[in-house]
Amino acid sequence: MPPVHTGAPAIPGASTVSSPAPATAPATAPEPLSPRRPGYRRMILALFAAGLAAFTLLYATQALLPAISADLGVTAGQASWTVSAATGALALFVLPLSALSERFGRTRMMTWSMAVAVGVALLVPLAPNLEWLVVLRAVQGAAIAGIPASAMAYLAEEVERRALVAAIGLFVAGNSVGGMSGRLVTGWAAQLGGWRAGLAAVAVMALVCAAAFLVLLPRARFFRPAPLNPRAVGRTVAGHLRDPLLLRLYGIGALFMTVFGAVYTVIGYRLVDEPFSLGQGVIGSIFLIYLVGTVSSAAAGRLVGRTGRRGALYLAVTTTALGLLLSLSDSLVAVVFGLVLITAGFFAGHAVASAAVSRTATTGRAQASALYQSAYYLGSSAGGTLGALAYHQAGWAATVGVALLAVLGVVSITLYGTHAARAQRRIPASAAGAR
């Protein structure tokens, strides 16, 4: 990620020899955006709208899977590909699009990504069969990949350093609100007019958000294009993939998202069946539980301060596991409370792991974060597909089994990290004793 430029831009052809004062006052250098300066609110609203549109579209079919299965005559595992194709394509394209934004600009990348994603969204409700629906969703996911990759870099370049964390937090809030509201809108629209009406409603919503983004976003003032250097990017990525701590963090992010993808891809099937028999709109409203994740991710920083990173991860996986076990109940209250615990544990664990990636990578932070996002969304794809296949074969208990295996993986990685850290601390003491 290019550094934040706070000084005056270089003037081509300027001489180093002193000269008489110009007749007119020199133009003042642009200043980074902050809450005290014009343009900041417009920027925040624009990127909030971008995040809202992107993540509304990314998970648009998740709440509709039972309706898609019934209408197209496909299994839960087959229908789940409408989610997994989008998240998998995002995982594959986030790194290359992040590199392209270094050359062609953040705003241009976000604009084209938004245009393609919304354009495809208008076609998705017209898909004649599952195969076309999956293909269109994959194209949509690939386009969406350019938005988070470019938005973070845009913020780092254009926003005053002291205001950067708050600005990124508001963009992430747009992501989570988009993920939640997309499921709500599709659920209730589908109850009134079928799953195609649900997807059409989301497409219109995303179109409005895209228009707001284009109107509101201030032009980039500090972006400096960099030449594309695939070899340099490859060396940076290879270095990150050789870092044991980063690899553990990528694994933790992927496994947490495997749990979340499995649970929320299949929960609609669980609730539409006996003994619950809930309507599509009510099932969409279940995703309001995402608000719990907003609270738990915000509290993750304080939790790390009290218990340390690994302590926070142990607490997150324990909470998630308890939620999974509660969800096995035939009581709707117990299932909902189980979802609350799963969501709280997932978002806390994700916040801890993603923040640790930024702190661990001393160079190439953009690529380190992009690799984390790739692992994260690959986990979502794997979880959604495996969870749905398990449900088709043996019901909700099998889906919970898949999720618990992923939780066990997080515990194993964290325990290994604890052992490695203790061994590392013993090395200097042993060396001192030898001297």
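Rounded to the nearest 20 debye, the dipole size of the chain about its Cα centre is 1760 debye, using +1 on the Cβ of Lys and Arg and -1 on the Cβ of Asp and Glu. Under a Gaussian network description of the chain, with springs only between Cα atoms under 10 Å, the residue in ALA127, ALA85, ALA370 that fluctuates furthest is ALA127. Using alpha carbons only, the radius of gyration of the range 303-359 set against its Kirkwood radius gives Rg/Rh = 1.10. Quick check: Cα centre of the range 103-144 to Cα centre of the range 246-297, how many Å? Distance between centres, Cα-based: 24 Å.
Ordered from longest to shortest, the equivalent ellipsoid semi-axes for the chain are 38, 30, 18 Å, each the square root of 5 times a Cα gyration tensor eigenvalue. Can you give me the angle between helix 161-193 and the longest principal axis of the chain, using Cα atoms only, in degrees from 0 to 90, rounded to the nearest 10? Orientation of helix 161-193: about 30 degrees from the principal axis. Take the solvent-accessible surface of the protein heavy atoms, probe 1.4 Å, and return the percent of it on the chain that carbon and sulfur atoms account for. Percent of accessible area from carbon and sulfur atoms in the chain: 68. Among the trypsin sites (Lys or Arg not before Pro) found in the range 224-320, those both in a DSSP coil and sparsely packed, with 13 or fewer other Cβ atoms within 10 Å of their Cβ, are ARG242. Projecting the Cα positions of GLN424, GLN62, ALA212 onto the charge dipole of the chain (unit charges on Cβ atoms of Lys, Arg, Asp and Glu, taken about the Cα centre) puts GLN424 furthest along the positive direction. With the simple spin-label model, which puts each label point 7 Å out from Cα in the Cβ direction, the LEU192 to ALA334 separation comes to 3.7 nm. Using a probe of 1.4 Å on the protein chains alone, the accessible area found for HIS419 is around 110 Å². THR111 contributes an accessible area of around 50 Å² to the protein surface, as traced by a 1.4 Å probe with all chains present. Of GLN140, GLN191, GLN373, the residue with the greatest mean-square motion in the GNM of the chain, using alpha carbon springs below 10 Å, is GLN191.
Rounded to the nearest 10 degrees, the angle from helix 195-216 to the longest Cα principal axis of the chain is 10 degrees.
Largest mean-square fluctuation among ALA421, ALA60, ALA353, in a Gaussian network model of the chain whose springs join Cα atoms under 10 Å apart, belongs to ALA421. Relative to its residue count, the range 340-400 spans a Cα convex hull of 71 Å³ per residue. What shape does the range 24-156 have by the C-alpha gyration tensor, where a ≥ b ≥ c are the square roots of the eigenvalues, rounded means a/c under 1.5, and otherwise prolate means a/b greater than b/c and oblate the rest? Because a/c hits 1.5 or more and a/b exceeds b/c, the range 24-156 counts as prolate.
The values are calculated or read from the model by the stated rules, or taken from the named source; none is laboratory data. All values reported here derive from a predicted model rather than from experimental measurement. Quick reminder, even Gly has a Cβ in these numbers, built from the backbone with ideal geometry, and neighbours come from all protein chains shown. Accessible surface areas use protein heavy atoms only, side chains included; no ligands, DNA or RNA. Shrake-Rupley method; radii C 1.70, N 1.55, O 1.52, S 1.80 Å.
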